[in-house]
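K.L.:
First the structure, which I've put down as structure tokens, then a few questions once you've had a look.
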Number of protein chains: 2
Amino acid sequence: MPAWPEVRRTDAVMADGRSLAYYDRPGAPPRDDIDSRPRDEAAPESQLRRDPLTGEWAIIAGHRQARTFQPTAQETRTHGCPLCPSTPDHATEIPAADYQVVIFDNRFPSLTRTAAGMETADERPGIGRCQVVCFTDDHDAHLADLGDDRVLLIVQAWADTVARLREDSRLVSCLVFENRGAEIGVTMSHPHGQVYAYPFLPPRERLLLDAAARHHADTGRILALDVADAEARDGVRLLAATDHWTAHVPRAARWPFEMRITPRRAITSLDDLNADEAADFAALYPRLLRALDGVYDMRMPYVAAWHQAPLAGVAPGAQLFLEVFSTRRAPDRLKYPAGSESAAGVWINDIAPERSAAMLREALG
Amino acid sequence: MPAWPEVRRTDAVMADGRSLAYYDRPGAPPRDDIDSRPRDEAAPESQLRRDPLTGEWAIIAGHRQARTFQPTAQETRTHGCPLCPSTPDHATEIPAADYQVVIFDNRFPSLTRTAAGMETADERPGIGRCQVVCFTDDHDAHLADLGDDRVLLIVQAWADTVARLREDSRLVSCLVFENRGAEIGVTMSHPHGQVYAYPFLPPRERLLLDAAARHHADTGRILALDVADAEARDGVRLLAATDHWTAHVPRAARWPFEMRITPRRAITSLDDLNADEAADFAALYPRLLRALDGVYDMRMPYVAAWHQAPLAGVAPGAQLFLEVFSTRRAPDRLKYPAGSESAAGVWINDIAPERSAAMLREALG
């Protein structure tokens, strides 16, 4: 088995105390730049509140609204992108003059490690962690075009981040994801993803884990692997089958274009991937993203999110997989979750998964 | 107790066999106009598919995508609004030359009474019903501005529609809702709502019913009434308390602006409202919608949806209430459900409910 390509992590602390980690291939300059910006005001606080009528927790992060109205003096001066490298005239979130991959604590986090406050049956401090993952220092790039080695470095950075999150026992589950496109509300176009660590099991992860556990109890098998294998055999919704991954459109897809990218081996988390699997993914994933953009020959808005087992404990039958979906259903139409989706929780998909799979396969070439 | 204002229902059949019902106050002309349009092609079919990984059903309605690309010859000729009354030159969905309130089967339904097909553990025909509720024949009006008597007529039409849906034992749950605003994907600006009848219990209704049943078993009380009463006493998130209704922002609101409008009496469904309650609602609801528009002095996109008990059977502790939410969090910003919301099911609200309640109260005047 080939070894992992070498990666150097450099940890740094930002002016206001937030953590930042550079991930570099050998040969990169030392990452010893200092964040010289003036310190921000007090750390934001958020709260978890449970809706008694549904039993579900929501994150109330009132301080985040301020980010719309109150750019800092620094931002007002420069109008610059906060995710670009710093220049002598423009100090950004990343002190270095260039970088490869950087992960740092979000300046406007929904959840923080320092949240404090009352704890009742329906109310808890917003303990957790929200990190930003910068994929490249090139403001105009897209993940799909970065090249295999950079995607592999990103996978290594994700895996390391997940492993580090396990050290905080208050964190229960983490979501590694990318939102792309102004059409879904992304305000910063610099290529980046996010990591959210929640202090509870999110409802959709619970559904996935419950179904996986039932199947495992009934059959001793991994549900997501059985489904991916069946899709690979059937072929009608299959997008790609490589040595280590299966990519398919789900039979009950909720969104106009939706993919599941599943390792062929039973793996519960990003930090369980081996070097072969990661390298194979790094070659496959950009192709799939380019196919998504190829369907209508335009940049598609998308959400890409890794589903993983909880950060601690046993999760029988759980399986790592990447879910990617786009809300664009036509060159001039988006799918919005409205009444049926938001109020009742029932998704309506106007494109048959077999048809979207055929369109994606054609774009894959 | 005052009697219900008189309403006359006239049932009609559209050229392609769909049902249409006029709801009129006394004095309206007879509704005997004939739908003279050429018949459409075969009825659309949709399918329910269960995602084995989550256990949830999605509606796959591949025929609906066609509505984007293939306007009928009729539509191409007129470019008219299909929800306006018909004129000699423009035959619409409503044959009459004027109307008050009309409810008819959606031409592009996600679910139909005639759906057929295979039935397996993960696949069922898309049995159900999707109806359109036209609130007025005035294309440029908004529900909030129609006047109390029209809103009352709409409530009467909703209640009658729910009662009629109970006659089809295949229908399990119905959602009476309005999506308003291009910002959430509404393509027809003519003021209208919808009714969806599902052949299964939607996941969010199940959450509501489960929590209600637990509370009822524990206390013998109605959870949604207890919550609304507590909000009325507390006041910080209260919007209005009338003789028959309580309106408040939920403590764990998922959306920037969100209201729950709850009858003060234990009622499970729209067709259980009495005349006093309906009249009181008809006076209150337009005020609340105008307050929503008043917050930023602009028309707000919103989803308004009635939560009710299932169409048949016993639902201990279930309570009718209306949920209204807007995705607009600032004059120039919308909240989009992206990674955390769509992939994990965890909502992040950037406006504290106490703050949005204060803003709404100020707009209420």
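The values are calculated or read from the model by the stated rules, or taken from the named source; none is laboratory data. Every value quoted in this text rests on a predicted model; they were computed, and no experiment measured them. Glycine also receives a Cβ, built like all others from the backbone with ideal geometry; neighbour counts cover every protein chain displayed.
K.L.:
Assess whether residue B:151 counts as being modelled with pLDDT of 95 or more, farther than 27 Å from residue B:312 by Cβ and surrounded by 20 or more Cβ atoms within 10 Å (Cβ to Cβ).
P.N.:
Judged against the criteria, residue B:151 is a match.
K.L.:
Let me ask something else about it. Output the number of residues of the range A:170-214 satisfying the condition of being modelled with pLDDT under 95 and of a type in the set (S, T, N, Q).
P.N.:
2
K.L.:
Another one. Would you mind stating whether residue B:41 is away from chain A (no Cβ under 14 Å), modelled with pLDDT under 90 and not in a loop (DSSP other than H, G, I, E, B)?
P.N.:
Criteria not met by residue B:41.
K.L.:
Here's something else I'd like to know. Against the definition (modelled with pLDDT under 95 and at negative phi), how does residue A:285 come out, yes or no?
P.N.:
no
K.L.:
What are the residues in the range A:163-196 that are of a type in the set (A, V, I, L, M, F, W, C), farther than 19 Å from residue A:135 by Cβ and within 14 Å of chain B (Cβ to nearest Cβ), if any?
P.N.:
If the condition is that a residue be of a type in the set (A, V, I, L, M, F, W, C), farther than 19 Å from residue A:135 by Cβ and within 14 Å of chain B (Cβ to nearest Cβ), then A:171, A:172 are the ones that fit.
K.L.:
To continue, here is another question. Which of the following residues is free of Cβ contacts under 8 Å to residues at least 40 places away in the same chain and of a type in the set (Val, Ile, Thr): B:161, B:187?
P.N.:
The conditions single out B:187.
K.L.:
Test of understanding: among A:365, A:313, A:339, A:294, which residue is crowded, with 20+ Cβ neighbours inside 10 Å and over 15 Å from the mean Cα position of the chain (by Cα)?
P.N.:
Sole residue among the options that is crowded, with 20+ Cβ neighbours inside 10 Å and over 15 Å from the mean Cα position of the chain (by Cα): A:339.
K.L.:
Since residue B:199 meets every condition but one in (1) of a type outside the set (Asp, Glu); (2) more than 14 Å from chain A (Cβ to nearest Cβ); (3) over 23 Å from residue B:325 (Cβ atoms), which condition does it not meet?
P.N.:
(2)
K.L.:
Same structure, new question: Take residue B:72 and decide whether it is at pLDDT below 95, surrounded by fewer than 14 Cβ atoms within 10 Å (Cβ to Cβ) and either out of contact with any strand residue (DSSP E or B) (no Cβ under 7 Å at 6 or more places or on another chain) or not polar (S, T, N, Q) (or both).
P.N.:
no
K.L.:
Could we say that residue A:306 is facing chain B (nearest Cβ under 7 Å) and of a type outside the set (Asp, Glu) here?
P.N.:
No; evaluated as a whole, the condition is false for this residue.
K.L.:
Suppose we filter A:231, A:258 for residues that are within 13 Å of another protein chain (Cβ to nearest Cβ), within 19 Å of residue A:354 (Cα to Cα) and free of Cβ contacts under 8 Å to residues at least 24 places away in the same chain; which single one remains?
P.N.:
None of the others qualify; the one that does is A:231.
K.L.:
On the basis of being within 25 Å of residue B:272 (Cα to Cα) and in contact with a Ser or Thr (Cβ under 9 Å, 6 or more places away or on another chain), does residue B:163 make the cut?
P.N.:
Yes.
K.L.:
Give the residue that is nearest to the chain's Cα centre (by Cα), with candidates limited to residues of the range A:116-136 that are assigned to a loop (DSSP other than H, G, I, E, B) and surrounded by fewer than 20 Cβ atoms within 10 Å (Cβ to Cβ).
P.N.:
Once the filter is applied, the top-ranked residue is A:116.
K.L.:
Does the range A:13-35 hold any residues that are assigned to a strand (DSSP E or B) and more than 22 Å from the chain's Cα centre (by Cα), and which are they?
P.N.:
A:13
K.L.:
Looking at the range B:47-56, which of its residues are assigned to a strand (DSSP E or B) and facing chain A (nearest Cβ under 7 Å)?
P.N.:
Hits for the range B:47-56 are B:49, B:50.
K.L.:
Restricting attention to the range B:234-255, which residues are of a type in the set (Ser, Thr, Tyr) and free of Cβ contacts under 8 Å to residues at least 40 places away in the same chain?
P.N.:
Within the range B:234-255, just B:246 meets the criteria.
K.L.:
If I ask for residues that are facing chain A (nearest Cβ under 8 Å) and either closer than 21 Å to residue A:51 by Cα or assigned to a loop (DSSP other than H, G, I, E, B) (or both), which ones from the range B:320-331 would you list?
P.N.:
Selection gives B:323, B:325, B:329.
K.L.:
With respect to residue B:265, determine if the residue is within 13 Å of chain A (Cβ to nearest Cβ) and modelled with pLDDT of 95 or more.
P.N.:
Considered against the rule, which asks whether it is within 13 Å of chain A (Cβ to nearest Cβ) and modelled with pLDDT of 95 or more, residue B:265 comes out as no.
K.L.:
For the range A:128-142, does any single residue satisfy the condition of being farther than 30 Å from residue A:5 by Cα and at pLDDT 95 or above?
P.N.:
The answer is yes; a qualifying residue exists.
K.L.:
Can you pull out the residues in the range B:336-365 that are more than 7 Å from every other protein chain (Cβ to nearest Cβ) and either of a type in the set (S, T, N, Q) or closer than 30 Å to residue A:321 by Cα (or both)?
P.N.:
B:341, B:356
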